[in-house]
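Here's the structure we're looking at; comments come further down.
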Amino acid sequence: MLYPLRFFPIYVERVWGGDNLKRLFGREFQGNRIGESWEVACHPHGTSVVCNGPLKGKSLKDIIDTYGRRLLGDKLTQRDIDRFPLLVKLLDANDVLSVQVHPDDSYAMKNENGELGKCEMWYVISAKPGSKIVYGLKKGVTKDIFKDALEKGTLENCLNFVEVSPGDVFDVPAGMVHALGAGVVVAEIQQNSDTVYRVYDWNRVGLDGKPRELHINKALDVIDFDGKYKAEKTKGLAVGNKVYFVANRYFAVELIKINGRYDDRADGSKFAIYTVVSGSGKIVYDGGELELKSGDSVLIPACLGKYSIAGTSVDVLKSYVPDLNEEIVNPLKFAGYDDDQIRSVVKILS
Ligand code: ZN
């Protein structure tokens, strides 16, 4: 019998990491350079292991092999069944990350041994006052200007810096240059991929004392120099207690503000992942209940049926693989949003 699954975090040391996950979420780990916590993962570089209930100790991969579509859902494509589609992380940028970009699916398939491309989104959980991120390029930066700046060591002049506060959301499609800045902790929802092209590392050395590898040529191939995606904060569109923030063919992310009780239903069509970004509460389902606190993620199996999340002032992100028309565009139209507004949330990627 499947039930809401929680996982042991997979902590990853990074040169830019810190120990803010201890402070913010009461996490326990060795050292003070943890940059990433993989919360729900099924990737060769890290696979989550269940930490609650009868399936405790089993890996997400084992559970997918055993339960297949009962866990993942009838409406997912075979590709998403063969390769779990999402990866959910907490990132602690105690120091600035390298300036980087990710390829899209078709480039990654060809150039990275069949790996997936990577679109991602960030929800800012905590940010020191004045902290900034790199989000896209300044207007008018062409490939030539960018290359020239790289050679002269003046890339900073080409980058669009944005000040961030808790609650901000950024959609980071494949091709968009980006870097989290120092003092920012985010929840990151992304395609299940670990392919990154590093463009610039602020003249810093890695944990082994050597400069980290850069991937300039591949980055230049995939960077969006045409301004296809606007580098603007995603304001989101509210419908009732939900805010639709990001939706593309790979994932949709909604913020749900719960004060009392939120009811939902897993009807067999797809799984969902909830990540608590503020407050604490519990999930109540047929057969039990599960406490959730800030920073926790939980995977709701497609076959779970009715469930509710209860709590006072709990904010959760709900991530899932959407049917863009049925689950995003139509509800937004019905709520009165026009096409331009809907396009600020739904970026249909080729
Ligand atoms: Zn990234």
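The values are calculated or read from the model by the stated rules, or taken from the named source; none is laboratory data. Remember, predicted model here, so these are calculated numbers, not experimental data. Cβ atoms come from the backbone with ideal geometry, glycine included; neighbour counts cover every protein chain shown. For accessibility, only protein heavy atoms count, side chains too; no ligands or nucleic acids. Shrake-Rupley method; radii C 1.70, N 1.55, O 1.52, S 1.80 Å.
Some observations on this one:
- Here's the picture: charge each Lys and Arg Cβ at +1 and each Asp and Glu Cβ at -1 in the chain, and of 78, 272, 173 the one pushed furthest to the positive end of that dipole is 272.
- About the centre of its Cα atoms, the chain shows a dipole size close to 360 debye [charges on the beta carbon of Lys, Arg (+1) and Asp, Glu (-1) only; nearest 20 debye].
- When the surface is traced with a 1.4 Å probe over the full set of protein chains, residue 106 keeps roughly 70 Å² accessible.
- Debye equation applied to the C-alpha atoms of segment 10-222, log10 I(q)/I(0) at 0.15 Å⁻¹: -1.06
- Added length on full extension, which subtracts the Cα-Cα distance from 0.36 nm per residue, residue 324 to residue 110: 74.4 nm
- For segment 237-343, lysine pairs separated by 8 or more sequence positions, or belonging to different chains, with Cα-Cα distances below 16 Å total 13.
- By average C-beta atoms within 10 angstrom, highest first, the peptides 262-270, 225-233: 262-270, 225-233
- Residue-level accessible surface for residue 289, protein heavy atoms, 1.4 Å, Å²: 100
- Shown for segment 237-343 is the translational diffusion coefficient from the Stokes-Einstein equation, using the Kirkwood radius over Cα pairs, a temperature of 10 °C and a viscosity of 1.306 mPa s: 111 µm²/s.
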